[in-house]
Every structure is written in structure tokens, then in C-alpha cells.
Amino acid sequence: MSSQPVVNVCEKLGRLLLRSRSTIHGNKHAAFISGRKNYSSSRRIQLSQPVVEMDGDEMTRIIWAKIKERIIFPYVSVDTQYFDLSVTNRDVTKDQVVVHAAEAIRDCHVGIKCATITPDDDRVVEFGLSKQWPSPNGTIRNILGGTVFREPIICQSIPRLVPGWDNPIVIGRHAHGDLYRATDFVTMKTGVLELVFTPDGEGEEPVRMPVYKFKTPGGIGAAMYNTDESIIGFAHACFQYALMKGYPLYLSTKNVNLKNYDGRFKHLFKETYKQYQDEFQKRGLWYEHRLIDDMVAQCLKSTGGFVWACKNYDGDVQSDMVAQGFGSLGLMSSVLVCPDGKTMVTEAAHGTVTRHYREHLKGNSTSTNPIASIFAWTRGLNHRGLLDGNKEVQEFSRRMEKACIDCVNKGNMTKDLACLVHGRQSVKREHYLDTLDFLDAIIAEFSQQE
């Protein structure tokens with residue numbers, strides 16, 4: 001382990017040295033950038049550096065356009081590098097549009113992403129796709145690295161399924177390897193399943209480990225991996241994020257069963273903590289490892305107010321559980337924090353709202369919650385402002401987020417939230433607004449702050 005001190009992400013993000021160093025893309029991504037758009041006006045907040053905008057699918061794509069039109073670009077002038085990540089365009093470009101979007105994010109350090117479809121077998125047929133393309137989020141994460149942090153957007157008027165959760169619970173998901181990069185197979189024969197590791201060094205013999213003897217025909221197997229480099233980077237991100245939020249940090253694994261695999265996570269976190277222990281103790285914070293089953297139980301009994309570091313699959317599952325416990329997936333922000341400490345990708349934590357999209361195609365009005373998508377824009381623009389030292393856009397982002405929350409707390413909300421307040425069986429039409437009226441209510445609330 002290196003003894004060199006690690007600079008906190010919160011320090012890195014605030015450094016003026018990070019200002020305006022990203023390059024504008026020329027021909028490098030020309031075939032994949034659907035358009036470079038400048039939303040300029042002398043009355044708007046001016047941003048000198050671009051952001052990467054990634055469009056998505058179905059109802060969230062419709063709402064995305066309305067958010068830009070009504071919520072963001074009337075107030076902010078920004079150059080966007082636009083990539084169409086709809087499932088049909090990913091098919092046309094053989095998924096290369098996702099790769100080029102990730103490379104553009106690496107250059108300009110800010111990506112703002114709409115929800116997208118990860119196609120299953122039915123979706124392949126529905127859209128006539130040439131193959132079942134992988135998750136664009138997974139592709140972006142594997143190119144950029146980093147940790148996904150999901151945090152609830154708390155509205156006091158929205159009842160919680162877990163009423164004791166008074167403070168946010170931030171899920172830090174190690175979005176690398178494990179089940180999401182596993183190799184699995186099905187066999188219809190008897191035989192022996194082995195795990196073989198072949199060292200690169202000359203003359204070194206392969207290491208063979210028996211896994212299972214299939215005595216009857218038919219079975220399944222899988223192998224997965226992770227790396228010290230990725231786990232250590234995950235640990236640093238979690239410790240730094242916990243310090244930035246002022247929360248204690250918990251890591252959950254199942255090291256009693258996966259003694260080597262999960263044990264490695266526990267060991268590397270323990271070693272990494274040595275670089276942060278003094279600062280944690282100075283702030284009255286702590287780090288602790290817990291078994292995943294114990295952590296879930298403790299989480300439900302807690303009052304919140306901590307960062308929970310999860311392995312890839314655990315983070316995928318528990319982030320949805322936490323979101324629902326706080327009220328709704330529609331009130332959950334998602335941020336990918338990359339290892340360089342300055343690159344960030346923001347998005348909504350929910351899906352593409354297929355059911356509402358089908359109603360929209362019929363010409364029917366929908367009441368779709370846009371808050372998480374608005375927060376994707378505000379968090380991304382706030383990060384752009386942080387990198388560039390633009391206090392004005394940071395203040396805009398804070399005020400727009402406050403307008404969303406205040407709007408809901410005053411009783412102006414979409415149907416999903418009204419169902420939480422009044423009960424699904426008791427909710428009436430006067431209890432909620434359709435999507436466009438809700439956006440107008442947010443704008444009115446924002447204007448009253450001025």
C-alpha cells in the first residue's frame with residue numbers, strides 16, 4: 001500500500017487548477033455526436049466549458065426535452081456535446097455511440113444522462129434490434145471507472161415506508177466486475193468444473209482449483225473477478241465521499257462465506273482507512289465493516305445519516321430498497337464519481353417509464369415524475385460550476401433543487417407521489433398534476449425565490 005497522502009475529492013473538486021482544461025471535440029467523435037448545441041443568451045448564466053448530454057428512451061426522453069426547454073436552458077447558457085443513447089441508435093452504431101460518449105465525458109469531465117433501455121429478449125423483438133446490447137451505464141462505468149453514489153431526495157410531505165429514516169442513506173456501489181462481468185455457462189453433461197489461473201510469468205504452472213463434480217447431467221456454473229486497483233479506488237471514493245457528506249461509512253460483505261473474495265474487500269478497506277482515520281476521528285465519524293445480512297437489518301432500524309459501501313450486486317439491489325424506503329425511485333439521485341476526482345456522470349436512478357410512454361403514444365396525458373431527471377441536470381451543472389469556479393450556476397442548481405422540493409412540500413406533485421400521500425386507492429385527480437403542469441409549478445416556485 002502506498003504511504004502517499006490522498007487528496008480528498010472535496011479538495012480536488014474545488015481546486016482552481018481544474019478550471020477549463022477540457023478540450024472541445026473535433027472530428028474524433030463527429031460520427032456519433034448528433035449535434036453540438038449552444039443555448040446562449042445574454043440574460044442567462046454563461047458557462048465557458050461544455051457538458052456531455054446523453055439522451056435516452058421512452059417517457060424519460062420526452063420529459064428530458066421538456067426539462068431542457070422549460071427548466072434548464074431559459075436560465076443557463078451551455079455548450080452541450082449531444083449523444084443519442086436511445087436503444088435504436090445504439091443498435092445502428094453497434095453500441096459505439098456509448099463508447100464515444102464515455103470518451104467525451106473523460107475529456108470534458110461532466111456527463112448528464114437520461115434514462116435508457118437495457119434490452120432483454122422481448123425488447124430485442126420489440127425494437128427489431130440486431131442483438132441484445134449491454135447496459136450503457138455498465139459500458140460507461142467500465143470505461144471511466146468510479147463509484148456510483150445514490151442518494152434520496154427527501155421531501156418532508158412524502159411519507160416513508162421506513163418512518164425512522166430521518167436522514168439520507170447514501171449507497172456507494174462498486175460498479176465494477178463481480179456478477180456483472182461474470183462468465184457463466186450451462187452444461188447438460190456430467191463432469192468436473194474447475195477454476196484455472198494461468199500466471200504470466202515464464203515457467204510458472206497454472207493453478208487449478210476444483211469447483212464441483214457434476215454427477216448427474218445438467219447444471220450451471222459461473223466465474224467472476226475483481227482487482228485490487230478497482231477495490232482500492234472504490235475504498236478511496238467512499239471514504240472521501242463520506243467526509244464530504246459528513247457521514248460515517250459502513251462496508252458490507254459476506255466474507256464468512258467468500259473468505260478470499262469478500263475478505264479482500266474487507267482487508268483493502270481496512271488498509272485504506274488508515275489514510276483517513278485521523279480525519280474521521282477529528283470529525284466524530286467512524287468506519288465499520290458489517291456482514292451484508294446484519295447491515296440490512298441495522299439499516300432498517302437506523303435513523304439514516306450514513307454512507308453504505310456495497311459490492312456491485314448488493315449496491316444494485318439495496319439502492320432500490322433504500323429509494324423505496326424513502327418513498328420512491330422517482331426521488332433518487334445517481335452520481336458516478338470517477339477515480340480522477342474531477343469526472344462525474346449524473347443521471348436519474350429510475351427507468352424509462354414504459355407504461356407512461358405507451359399512454360403518451362395514445363395521446364393521453366401522463367403524470368410522470370421529472371424530479372430525478374431535473375436533479376441529473378442540476379447536479380451535473382453544479383459540478384461544471386465547481387470545476388470552473390462558476391458560483392452563479394452552482395447557486396442556480398441549489399435553488400432549482402429547492403424549488404422542486406418546496407413544490408412537493410406545498411402539495412403540488414405528480415401521481416406517483418400523490419399515491420404515497422393519499423394512498424393508491426384513495427388518490428383523486430385533484431391530488432396531482434400532469435407532467436407539464438408540474439414543471440410549470442416548479443418554474444413558478446423557482447421564480448418566487450428571486
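Computed from the coordinates by the stated procedures, all read-outs in this text should not be read as laboratory data. Predicted model only: the values in this text are computed from it and were never measured. Note that we place each Cβ from the backbone using ideal geometry, even for glycine, and neighbour counts take in every protein chain shown.
A straight Cα-to-Cα reach below 22 Å connects Lys391 with the lysines Lys12, Lys68, Lys245, Lys342, Lys402, residues fewer than 8 places away in its own chain not being considered.
The alpha-carbon of Lys362 sits under 20 angstrom from the alpha-carbons of these lysines, leaving out residues fewer than 8 places away in its chain: Lys66, Lys415. Cα centroid separation, segment 305-320 to segment 81-148: 23 Å. Determine which residues of segment 100-126 fall in the zone a paramagnetic label at Gln324 would reach in this model, i.e. backbone nitrogen under 20 Å from the point 7 Å along Cα→Cβ. Residues passing the 20 Å test: 118.
The packing ranking, built from the mean of other Cβ atoms within 10 Å per residue, places the peptides 62-68, 368-374 in the order 368-374, 62-68, highest first. Our note on the geometry: Cα centres of segment 371-402 and segment 329-367, 17 Å apart. Inter-label distance, Thr88 to Lys189: 4.5 nm, where each label sits 7 Å from its Cα along the C-beta direction.
In terms of Cα atoms, the Rg and Dmax of segment 183-223 work out to 12.8, 39 Å. Leu129 sits among other residues whose Cβ lies under 14 Å from its own Cβ, and their net charge, with Lys and Arg +1 and Asp and Glu -1, is -3. In percent, rounded to a whole number, the relative contact order of segment 183-223 is 56, using alpha-carbon pairs under 8 Å and six or more apart. Rounded to the nearest whole angstrom, the semi-axes of the ellipsoid equivalent to the chain, taken from the Cα gyration tensor as √(5λ), stand at 36, 27, 25, largest first.
Comparing mean-square fluctuations of Tyr180, Tyr276, Tyr75 from a GNM of the chain with C-alpha springs under 10 Å, the top value falls on Tyr180.
Modelled label positions at Leu361 and Asn167, each set 7 Å beyond Cα in the direction of Cβ, lie 4.6 nm from each other.
Ranked by the mean number of other Cβ atoms within 10 Å of their residues, highest first, the peptides 48-57, 155-164 come out as 48-57, 155-164.
Available extension along the chain between Asp294 and Tyr180 is 38.6 nm, counting 0.36 nm per residue and deducting the alpha carbon span. Among Asp121, Asp316, Asp437, determine the one that fluctuates most according to a GNM of the chain built with springs between C-alpha atoms less than 10 Å apart. Maximum fluctuation in the GNM of the chain, among the listed residues, is at Asp121. Legend: P(r) of segment 313-403 from all alpha carbon pair distances, 5 Å bins from 0, whole percents, reading 3, 12, 17, 19, 18, 15, 9, 5, 2, 0.
The packing ranking, built from the mean of other Cβ atoms within 10 Å per residue, places the peptides 305-311, 268-274, 199-205 in the order 305-311, 268-274, 199-205, highest first. Note on segment 92-135: Kirkwood radius taken over Cα pairs, Stokes-Einstein applied at 20 °C and 1.002 mPa s, translational D equal to 180 µm² s⁻¹. Helix 228-245 axis versus longest C-alpha principal axis of the chain: approximately 40°, rounded to the nearest ten. Over the chain, with a Gaussian network built from C-alpha contacts below 10 Å, which listed residue (Glu151, Glu69, Glu126) shows the highest mean-square fluctuation? Result: Glu126 has the largest fluctuation of those listed.
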